[in-house]
Amino acid sequence: MKKEINIHDKIFSIYIPESEIQIRVAAIAAEMNVKYKGQTPLIISVLNGSFMFTSDLMKLLDFQCELSFIRVSSYQGVESTGKLKQLIGLSEDPKGRHVILVEDIVDTGHTISALVEQISATNPESLSVCSLLVKPDRHEKEVNITFSGFVIPDRFVVGYGLDLDGLGRNLPHIYQLKNN
Ligand code: IMP
């Protein structure tokens, strides 16, 4: 495992190794396996950042489930623009379904609250938010997160699906920006 990496001239140091991520993913899956037993929820994965998390999580679910993707974008570099662009819309109708919205990270909370509002308007049977990472110090919106992996301080992170301007998503570990 590399202790430090370089992306776009920025230095990142190891923060959450793959083994720790997998322990939390398994714990979240175990919680879901209790909550959704006998049901067939619709998992909505928020692209691009949550592709790896969604994949690892789904392999550990022992109930039937469907998968749909939504793609939004608000970040440029290491700063949130606060404006949400919907790049790919939903292909399944959440109406009457148990929906699990899967995010990589909740930062200001703008993305997740806009998505919660959009999906709630379609009248799902239930709606839960699952986020691998949560940065409470940055929240500008109140967000109700049912399943979370790690609560982290205000640090920019990459790896395990998360990027800095498109790079770093393939890293199996999570790294944090140095001297932030
Ligand atoms: P929010 O709308 O500010 O909560 O931002 C959510 C989105 O911004 C996430 O889905 C990520 O794609 C991106 N983001 C927020 N913080 C980070 C970070 O530390 N590293 C990489 N992407 C981030």
Exercise. Just the number, please: percent antiparallel of the DSSP beta bridges in the chain, rounded to the nearest 5.
Key: 45 percent
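Which whole-number value in Å² is the accessible area per residue of region 16-155, probe 1.4 Å?
Details: 6900 Å² over 140 residues.
On a per-residue basis, region 16-155 sits at 49 Å².
Starting from 0.36 nm per residue, how many nanometres of slack lie between residue 33 and residue 117 once their C-alpha separation is accounted for? Before the final figure, lay out each step's value.
Working: separation 84, 0.36 × 84 = 30.24 nm, distance 2.55 nm.
Going from the current span to full extension adds 27.7 nm.
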Quiz prompt | Three semi-axes of the equivalent ellipsoid, the chain, Cα gyration tensor, whole Å, largest first | solution = 27, 19, 13
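Which trypsin sites (Lys or Arg not before Pro) in region 1-43 pass both tests, a DSSP loop state and at most 12 other beta-carbon atoms within 10 Å?
Details: sites: 2, 3, 10, 24, 35, 37; in loops: 2, 3, 37.
In loop regions of region 1-43 (DSSP not H, G, I, E or B), the sparsely surrounded trypsin sites (Lys or Arg not before Pro) are 2, 3, 37.
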Quiz item: Taking springs between alpha-carbon atoms closer than 10 angstrom, which of 38, 166, 109 fluctuates most in the Gaussian network model of the chain?
Solution: 38
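Determine the share of the chain's accessible area contributed by carbon and sulfur atoms, expressed in whole percent, with a 1.4 angstrom probe. All intermediate terms of the calculation are to be shown ahead of the outcome.
On the way: 4300 of 9100 Å².
Whole-percent figure for carbon plus sulfur exposure: 47.
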Quiz item: Can you work out ³J(HN,Hα) from phi for every residue in region 126-142, in order, using Karplus 6.51 cos²θ - 1.76 cosθ + 1.60 and θ = phi - 60°, giving whole Hz and x for Gly and Pro?
Solution: 8, 9, 10, 9, 10, 10, 5, 10, 9, 10, x, 5, 9, 4, 10, 10, 6
Quiz item: So what does residue 40 come to for accessible area, using a 1.4 Å probe and Å² rounded to 10?
Solution: 60 Å²
Exercise. Among the lysines, select those whose C-alpha is under 21 Å from the C-alpha of residue 178, and discard any that sit fewer than 8 residues away in the same chain.
Key: 2, 3, 10, 135
Quiz item: Build a GNM of the chain with springs between Cα atoms under 10 Å: which of 56, 104, 163 gets the top mean-square fluctuation?
Solution: 56
Practice problem: Check the straight Cα-Cα distances from residue 35 and name the aspartates and glutamates below 12 Å, setting aside those fewer than 8 residues away within the same chain. | Solution: 62
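The values are calculated or read from the model by the stated rules, or taken from the named source; none is laboratory data. These figures come from a predicted structure and were not determined experimentally. Note: ideal-geometry Cβ built from the backbone for every residue, glycine included; neighbour counts use all protein chains shown. The protein model used for the area step is the full one, side chains on, heavy atoms only, and it has no ligands, DNA or RNA in it. Shrake-Rupley method; radii C 1.70, N 1.55, O 1.52, S 1.80 Å.
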